[in-house]
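For reference, the structure is listed below as C-alpha cells.
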Amino acid sequence: MNTHICRTVQEIQSVIEPLRREGKTLVTTNGCFDLLHSGHIKYLCEAAQLGDMLVVGINSDESVRKLKGAGRPVQSEADRALIIGSLKMVFGTFVFHEDDPRAFISVLKPDVHVKGGDYTKDILERQTVEENGGRVEILSFLDGRSTTSIVSKIRG
C-alpha cells in the first residue's frame, strides 16, 4: 500500500513537505467517512484530480459524536482512516480532533481544499485556506447517498 496513514497532522506534514518543495500540489478534504459509499468514492476521485496528492482529514470519534449524535460513529477513527487511506486515489490520511478543519489547514496550507456539493464556497475554513494561498472547490454531490441513510436503512 502506497498510502500514508498517519495519526496526526504533523506526521502527514513531515511526509508531504519534501514533495511540496518539489512543486507537488496538495489537495485536502475532511469528513467523518463513517460508512464508505458511492458518494464518497465519486467525491474523492474528483478531489484527487485537482492536484498531485490528496490528503484526507478524518474526524475523531469524539467530533463525529458531536456532529452526528449518539450511536455514531459506527466505525472507529483508526478503522475509518485505514479504509479511506487504502483507496488508490488517496495519498494520505490523518485523524483530527478539533471541531472544524481550520487548525490542520493552517498547518498543511493546501493548494486546494475541497468540499462536497452539499456545501457552498462560503464554508468556515475558506478564509484560512485563502490566507495561506489556496482555493476552495465545491465538488459534485450524489443525492441520496449518505451514511445516515444507510444506517437508518440497516436499523429499519
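Placing R0 at 30 angstrom, the Cβ-Cβ distance between ASN132 and ASP99 gives a FRET efficiency of 0.95 after rounding to 0.05. Taking a sphere under 15 Å around the Cβ of LEU82 and counting the other residues whose Cβ falls inside, with K and R at +1 and D and E at -1, yields a net charge of -2. Helix 38-48 and the longest principal axis of the C-alpha atoms of the chain enclose an angle of approximately 0°. In terms of distances greater than 27 angstrom between alpha carbons, the cross-link table entries LYS66/LYS115; LYS68/LYS115; LYS24/LYS68 yield LYS24/LYS68. For region 1-67, the square roots of the Cα gyration tensor eigenvalues, ordered a ≥ b ≥ c, give a/c of at least 1.5 with a/b no greater than b/c, which places it in the oblate category.
Summing +1 for each Lys or Arg and -1 for each Asp or Glu among the other residues whose beta-carbon sits under 9 angstrom from that of CYS32 gives +2.
Within the set of other residues whose C-beta is less than 10 Å from the C-beta of LEU50, count the net charge using Lys and Arg as +1 and Asp and Glu as -1.
-3
Note that the chain carries a Kirkwood radius of 15.6 Å, evaluated over its alpha carbons pair by pair. Gain on full extension, evaluated as 0.36 nm per residue between THR120 and THR8 minus their Cα-Cα distance, stands at 37.6 nm.
If one takes the longest principal axis of the Cα atoms in the chain, at what angle in degrees, from 0 to 90 and to the nearest 10, does the Cα axis of helix 9-21 lie? It is inclined by approximately 40 degrees.
Any read-out appearing in this document is the output of simple, stated calculations on the displayed coordinates, not a laboratory observation. Fair warning: this is a prediction, and the values are worked out from it, not measured in the lab. Neighbour counts are summed over all protein chains in view; Cβ atoms, including those assigned to glycine, are modelled from backbone coordinates with ideal geometry.
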